[in-house]
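A.B. asks: Below you will find the structure I want to go over with you.
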Amino acid sequence: MLREAFEYLTTPCPPLARRFGYLAEAVALGARYRRQRRAWEPHVEACRRFVAEAAERAPRGGRALVAGSGLLIEVPLRELAERFDEVVLVDVIHARSVRREVRRFANVRLVELDVAGILDPLEATLRSGGHLPSPNPPELAGGRFAFAVSCNLLSQLPLMPLDAIDRRAPHVPDAERATFAKALARSHLAWLARTAHTAALFTDIESLWLDGGRVVEREDSTWGIPLPAPDRRWDWDIAPAPEEDRRRDLRHTVGAWFDVTGFALSC
Ligand SMILES: C[S@@+](CC[C@H](N)C(=O)[O-])C[C@H]1O[C@@H](n2cnc3c(N)ncnc32)[C@H](O)[C@@H]1O
């Protein structure tokens, strides 16, 4: 608890990201990872293997982008730094541990950015009213990247904005929220395809509750986007009991695609 409070108080964070709860989420992610390190190990290995394999499909050299770099739990940073001339890590927030880690690599750079371009317009709407805004992902300087990977971000993109809508605009109808969430996920795919010649992605595709090893609840995590069958998939035991529930275990199915540029615009 003390460690988390310290992190919360000392992590540099843009005011809007703090307001939308990204800082609290980042601190909670680190704490959960420390508690569940053993249960997460197969997932972490699968992510890192996938990212390294995806990067090998792109030509050596050039620039690489990691979107949703978070705490670098799932990112094989050394391999990426060795393969590409420059690696740009993009997230709404970069923890102090990440800033320290990055200092070890001369060719890794941090960019603090809302890749959906949603927080500013959503804040304006929540203050003044009106329909939920459309995402407007930013163009990054320096032209198209050789390689990009979106790390466990697609399913997460709408979560904090939807939480803010719940708290501050509870009257917004469910259908408008669903359209908003789908637009965020869809525009992320299109943005990735625009941003890099080869654009890999992994994300939760399903959330399962298990009781005594039996699936008792199953929910899609892709916001209604018709993604093709993934190139790789694996289970992530994200919250074995009693992490989230006294009896039930929470498991995510993760899907991974080596290159979304071929289908991003048709989803
Ligand atoms: C599930 S975590 C990913 C964990 C990370 N891949 C790792 O290895 O630690 C999702 C990440 O997406 C980031 N994120 C969520 N919405 C974002 C947005 N609009 N722009 C940029 N990053 C965002 C969060 O801050 C968080 O770090």
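The values are calculated or read from the model by the stated rules, or taken from the named source; none is laboratory data. Fair warning: this is a prediction, and the values are worked out from it, not measured in the lab. No Cβ is skipped: glycine too gets one built from the backbone with ideal geometry, and neighbour counts run over all protein chains shown. Side chains are part of the model used for accessible areas, which takes the heavy atoms of the whole protein and leaves out ligands, DNA and RNA. Shrake-Rupley method; radii C 1.70, N 1.55, O 1.52, S 1.80 Å.
A.B. asks: What are the residues in region 46-78 that are more than 14 Å from ALA146 (Cα to Cα), open to solvent by 30 Å² or more (accessible area, probe 1.4 Å) and in contact with a helix residue (DSSP H, G or I) (Cβ under 7 Å, 6 or more places away or on another chain), if any?
C.D. replies: LEU71
A.B. asks: Only one of these conditions is not met by ALA26: (1) assigned to a helix (DSSP H, G or I); (2) buried (at least 19 other Cβ atoms within 10 Å of the Cβ); (3) in contact with a strand residue (DSSP E or B) (Cβ under 8 Å, 6 or more places away or on another chain). Which number is it?
C.D. replies: (3)
A.B. asks: From the residues in region 153-182 that are of a type outside the set (D, E, K, R), open to solvent by 40 Å² or more (accessible area, probe 1.4 Å) and part of a helix (DSSP H, G or I), which one is nearest to the ligand (Cβ to nearest atom)?
C.D. replies: Out of the qualifying residues, it is LEU159.
A quick yes/no check of all residues on (1) within 20 Å of the chain's Cα centre (by Cα); (2) modelled with pLDDT of 95 or more:
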site	(1), (2)
ALA106	no, yes
LEU113	yes, yes
GLY117	yes, yes
GLU123	no, yes
LEU126	no, yes
GLY129	no, no
ARG144	no, yes
SER155	yes, yes
ARG167	no, yes
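A.B. asks: Looking only at region 95-124, count how many residues are farther than 19 Å from PRO158 by Cα, in a loop (DSSP other than H, G, I, E, B) and within 14 Å of the ligand (Cβ to nearest atom).
C.D. replies: Keep residues of region 95-124 that are farther than 19 Å from PRO158 by Cα, which gives 95-111.
Of the ones still in play, those that are also in a loop (DSSP other than H, G, I, E, B) are 95, 103-107.
Checking the rest, the ones that are also within 14 Å of the ligand (Cβ to nearest atom) come to 95.
Counting residues in region 95-124 that are farther than 19 Å from PRO158 by Cα, in a loop (DSSP other than H, G, I, E, B) and within 14 Å of the ligand (Cβ to nearest atom) gives 1.
A.B. asks: Would you call ASP259 buried (at least 19 other Cβ atoms within 10 Å of the Cβ), of a type in the set (Asp, Glu) and in contact with a Ser or Thr (Cβ under 7 Å, 6 or more places away or on another chain)? Before the answer, list the steps.
C.D. replies: Values: buried (at least 19 other Cβ atoms within 10 Å of the Cβ): yes; of a type in the set (Asp, Glu): yes; in contact with a Ser or Thr (Cβ under 7 Å, 6 or more places away or on another chain): yes.
Against the criterion (buried (at least 19 other Cβ atoms within 10 Å of the Cβ), of a type in the set (Asp, Glu) and in contact with a Ser or Thr (Cβ under 7 Å, 6 or more places away or on another chain)), ASP259 qualifies.
A.B. asks: Quick check on GLU112: is it open to solvent by 40 Å² or more (accessible area, probe 1.4 Å) and more than 29 Å from ARG177 (Cβ to Cβ)?
C.D. replies: No; evaluated as a whole, the condition is false for this residue.
A.B. asks: Only one of (1) more than 19 Å from LEU159 (Cβ to Cβ); (2) open to solvent by less than 30 Å² (accessible area, probe 1.4 Å); (3) part of a helix (DSSP H, G or I) fails for HIS43. Which number is that?
C.D. replies: Checking HIS43 against (1) more than 19 Å from LEU159 (Cβ to Cβ); (2) open to solvent by less than 30 Å² (accessible area, probe 1.4 Å); (3) part of a helix (DSSP H, G or I), the one that fails is (1).
A.B. asks: I would also like to ask the following. Provide a single number: the residues in region 8-23 that are more than 13 Å from VAL98 (Cβ to Cβ) and open to solvent by 50 Å² or more (accessible area, probe 1.4 Å).
C.D. replies: The qualifying residues number 5.
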